[in-house]
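Worksheet: the structure to be examined is printed underneath.
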């Protein structure tokens, strides 16, 4: 493709307001498709449990051994035979002709002349000697008997999926959703109970027929398996820097989460999660190890079950684990998109439960409120007196007489509808309802494994007309066709719809208000400012929220189909095809309403005589092909793993939007019902990638570790001559604790590993056509006539290429006393070839300068993660802490030039956005001080201060106070991020606490509410201004307030504040009912819990929220109650 494509007009919609486009109901077509998909997959799900047991037996053999016969039956039926191998010595050859018989009928024929009977329990067939008056064929201690029982944790909660094996044999089963198992074992055999995350239990079968087992959590997690790019690795053998978050433990599944991104706050070192907006469904931004680019993408690559995707499209309840790849050793396998880190999301899969299907429901309902807002003056008399003060300071006649002020003071008591004292936060915000409901089915057998889930989220929001509903569906399925072939799919569907209220329409003029406005009369009319004087405002954010009409609808469907072949021992070949379909459409309009002055009972602002309507639509299509092979081989103490693969991806998006006015009726909200076109636009763009990648892992005796990665990417975002880039990495590790000389320390430090890595990563996060000359429609003059044509948008540079990041990492992992784990990393990452626009002469007109690879940014720092896990009889405790210190600096840009960006600058030797501010020295109290300075030759710009004004520092010492005295100061990026988790369990009760925070972070307070240059025509004000400087109130930190004199409103450190915060992100208390209470109802477990989400924030920041970018939708806090049960 060249330039931008122009998409044609979409087919007209029928003018039916009930078509799904004009009402809050999903499109019928999509709902029917989702229902059909759910029914088909659920039908298949239930067939899995029957797959094993509903098979008919067909067998035609002559003089065959019983061992061979049992193998045939096992393959046809899926049943497992358990017996002592010595039994086969006493069997006779078998001749049978079995056609379409049940398993019982077939076995009766097979064992007719044998010295054994059979017993079927679940999916286990046990051989039982036919007893006579003589001795049994084998000694009594070797007789097989069925041992059964339940496996629980220390709280009595049933554990599903526990592997129960007969030691030294291949015989084994897995516990069901109720933790129950049954297995045949002789009295002299030993049973081994194993589950990831728990210590292994080894118990003699003895002569017991019932055996309940309690598994305790492992003391530390270094032996866990961690998901990495295109595979998994044991954490103990990792040579890269990887943090892992387990979503299936510790109450994560029970938190009232809207998306996965916000759930990651405080969960991993070096991960900074920022939720700048509390609008229902709003995603959080995620940064890994600082900010590494100026103009290209700064977000990490998100990979979901092996495919690049949207982390917020995944139902949090479906997530099994999240891995954060932070250094080149772990991330280089993703090449040109990995310079900002990689986040791997792994969803739940099926498990071998011997054909049993376990169902799980988890739901919660809660009340949401704004977590934090800033204070505003909500007493109209105070607002009037403040305006009068500002006017007097500015030499202006005060607007409000004492009589008017007293009238309002008295009227606000006797008739608050005509004399309101409005707190606009209270008027706009109210408690909302949020609920999540998730139902899943999970199971499988030796051939088929599946996980199927359906989820529903409703968030009504805390502002009217801003709610949303979301529906999720997922099916993860794998089918082992035979010993060398496995097939599978990952299918997802998402449908969401949201109310039309937007942050822009509600908060654009939120601060240009007055408390002297009644937001809404009990009769439904909306009000405007009634204070009179200089203060008039027709703004009313409640009206803006409630009168918006429309709907936003999103549909997303993804499908991944894969095959795994194992042609040779140790060799696995995987091929997959992935498709992603995304559609978004919306319509929007406004209900015309008048705005009233209730004191005069007149319309202050009449409704618009015309009604407008807008419609937009976009669709994205993405397809991905992956082919890779993995070969694993051991030679003595040498262990090799080799990965090689190919990836190809294509993406296209199309968009269209139009708006018209003179809509005939809001009952027909379609474009064809409006008369006049205001605007229409459409476009399309695409990109493609092709990649080759490989990895070599080598381990010698689990002591010396080596890993090498390489990826070569080709991207259409660059010109043909610069399209390909290669990104290698290498890492090594040394497990000192596996050395013989470590033996004296083994009791104290049982695991100790050193590791180091170095590599190169890329960033292709730019526009699809930045290297080409792109044109837009434009008018120009030709022979004195305005003619339609095309005009370039910017100078193109065909030589631009990848931004490249070189990363060095040195790390240490250790475990003490089998309960305390510690990981420490030092990293140094230099991003060079950063795309930037250099200055060009103005003779080139208004065209943007070309991008060139010129700048460098370095991030370096230290990270640490520590965890403690211990079982104290019935009490178990887990504490995890993490922290990261990051230093960001621009090493090369435009020399010592200070390029302004807001109140900060980009310049070499400083972090991105370093603040450039005047410094307030003090508030002048005596005119004589200023007179003396002026007599000494001092000059002040923009004007000379007087009593009550700021005196700024003369930083350059030239006796001239102006913007040349601005100084670089503050921390525009967080220096230190941290988080932690506490889990405690005791006799059915469980407690979860999670927190996160930042330190060493400054922000500039830019908001009309807090400005020292006070408007007098209807703007909210902070209560602290009531304590501003006057002759009667000189002891204050707030200077004299003016309306138009900017002397105290310079860009200065007065507005620079610490944005450091500590936030208790989640508090959860749960109780699991004893199994004996619920098992009669065929329920395996019932848990009740209560959540406080995002309830407590501690900060000195005066603004809305430290994470918010300005005045916007406040973050929510949620009090919820939930229920989780399985059956």
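The values are calculated or read from the model by the stated rules, or taken from the named source; none is laboratory data. Here the structure is a predicted model, which means the values were calculated and not measured. Note that we place each Cβ from the backbone using ideal geometry, even for glycine, and neighbour counts take in every protein chain shown.
Yes or no, residue by residue, for (1) within 24 Å of residue 125 (Cα to Cα); (2) part of a loop (DSSP other than H, G, I, E, B); (3) modelled with pLDDT of 85 or more; (4) touching a strand residue (DSSP E or B) at 6+ places or on another chain (Cβ under 8 Å):
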{"residue": "164", "(1), (2), (3), (4)": "yes, no, yes, yes"}
{"residue": "176", "(1), (2), (3), (4)": "yes, yes, no, yes"}
{"residue": "183", "(1), (2), (3), (4)": "yes, no, yes, yes"}
{"residue": "196", "(1), (2), (3), (4)": "no, yes, no, yes"}
**Request:** Run down 432, 461, 501, 467 and say which single residue is modelled with pLDDT under 95, in contact with a strand residue (DSSP E or B) (Cβ under 7 Å, 6 or more places away or on another chain) and surrounded by 20 or more Cβ atoms within 10 Å (Cβ to Cβ).
**Result:** 501
**Request:** Select from the stretch 516-543 the residues that are under 18 Å from residue 426 (Cα atoms) and touching a helix residue (DSSP H, G or I) at 6+ places or on another chain (Cβ under 7 Å) and write down the one among them that is surrounded by the most Cβ atoms within 10 Å (Cβ to Cβ).
**Result:** 516
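Does the stretch 926-937 contain at least one residue that is buried (at least 17 other Cβ atoms within 10 Å of the Cβ) and closer than 25 Å to residue 1047 by Cβ? Even if it seems obvious, please write down each step before you answer.
Step one: filter the stretch 926-937 for residues buried (at least 17 other Cβ atoms within 10 Å of the Cβ), giving 930, 933.
Filter once more, keeping what is closer than 25 Å to residue 1047 by Cβ: 930, 933.
Within the stretch 926-937 (the criterion being buried (at least 17 other Cβ atoms within 10 Å of the Cβ) and closer than 25 Å to residue 1047 by Cβ), the answer is yes, since at least one residue qualifies.
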**Every pair of residues 6+ apart whose Cβ atoms lie under 6 Å, when the first sits in the stretch 1048-1071 and is on the phi < 0 side of the Ramachandran plot and free of Cβ contacts under 8 Å to residues at least 40 places away in the same chain while the second is buried (at least 19 other Cβ atoms within 10 Å of the Cβ) and assigned to a loop (DSSP other than H, G, I, E, B)** = 1049/1012
**Asked** Is there a residue in the stretch 395-416 that is under 45 Å from the mean Cα position of the chain (by Cα) and buried (at least 19 other Cβ atoms within 10 Å of the Cβ)?
**Response** no
**residue 565 vs. criteria in contact (Cβ under 8 Å) with a residue 60 or more places away in the chain, surrounded by fewer than 17 Cβ atoms within 10 Å (Cβ to Cβ) and more than 22 Å from the chain's Cα centre (by Cα)** = yes
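From the list 232, 239, which residue is free of Cβ contacts under 8 Å to residues at least 24 places away in the same chain, over 14 Å from the mean Cα position of the chain (by Cα) and either closer than 19 Å to residue 342 by Cβ or in a loop (DSSP other than H, G, I, E, B) (or both)?
On the way: 239 fails: free of Cβ contacts under 8 Å to residues at least 24 places away in the same chain.
Just one listed residue meets the conditions, 232.
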**Request:** Keeping to the stretch 739-780, report how many residues are over 30 Å from residue 652 (Cα atoms), surrounded by fewer than 20 Cβ atoms within 10 Å (Cβ to Cβ) and touching a strand residue (DSSP E or B) at 6+ places or on another chain (Cβ under 9 Å).
**Result:** 9
**Item:** Checking residue 97 against (1) at pLDDT 80 or above; (2) surrounded by 14 or more Cβ atoms within 10 Å (Cβ to Cβ), the condition it does not meet
**Value:** (2)
**Prompt:** Here are some conditions: (1) more than 30 Å from residue 1086 (Cα to Cα); (2) in contact (Cβ under 8 Å) with a residue 40 or more places away in the chain; (3) surrounded by fewer than 23 Cβ atoms within 10 Å (Cβ to Cβ). Residue 292 meets all but one. Which one does it not meet?
**Reply:** (3)
**Prompt:** So which of 850, 839 ends up being over 30 Å from residue 216 (Cα atoms), without any contact (Cβ under 8 Å) to a residue 60 or more places away in the chain and surrounded by fewer than 17 Cβ atoms within 10 Å (Cβ to Cβ)?
**Reply:** 839
**Prompt:** Consider residue 427 against the criteria (1) more than 30 Å from residue 75 (Cα to Cα); (2) part of a strand (DSSP E or B): it satisfies all of them except one. Which criterion is unmet?
**Reply:** (2)
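Name the one entry in 823, 876 that is closer than 30 Å to residue 199 by Cα, crowded, with 16+ Cβ neighbours inside 10 Å and at pLDDT 95 or above. Outline the logic, then answer.
Values: 876 fails: at pLDDT 95 or above.
Result: 823 is the single residue among 823, 876 that is closer than 30 Å to residue 199 by Cα, crowded, with 16+ Cβ neighbours inside 10 Å and at pLDDT 95 or above.
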**Request:** Inspect the stretch 69-91 for any residue being out of contact with any strand residue (DSSP E or B) (no Cβ under 9 Å at 6 or more places or on another chain), on the phi < 0 side of the Ramachandran plot and at pLDDT 80 or above and give the result as yes or no.
**Result:** no
**Prompt:** What about residue 281, is it in contact with a strand residue (DSSP E or B) (Cβ under 8 Å, 6 or more places away or on another chain), in a loop (DSSP other than H, G, I, E, B), buried (at least 24 other Cβ atoms within 10 Å of the Cβ) and on the phi > 0 side of the Ramachandran plot?
**Reply:** no
**Item:** Residue match in the stretch 996-1018 (condition: in a helix (DSSP H, G or I), at pLDDT 95 or above and surrounded by fewer than 19 Cβ atoms within 10 Å (Cβ to Cβ))
**Value:** no
**Prompt:** Any residue at all in the stretch 912-921 that is touching a residue at least 60 places away in the same chain (Cβ under 8 Å), assigned to a loop (DSSP other than H, G, I, E, B) and surrounded by fewer than 17 Cβ atoms within 10 Å (Cβ to Cβ)?
**Reply:** no
**Message:** Tell me whether the stretch 381-394 contains one or more residues that are in contact with a helix residue (DSSP H, G or I) (Cβ under 9 Å, 6 or more places away or on another chain) and assigned to a loop (DSSP other than H, G, I, E, B).
**Reply:** no
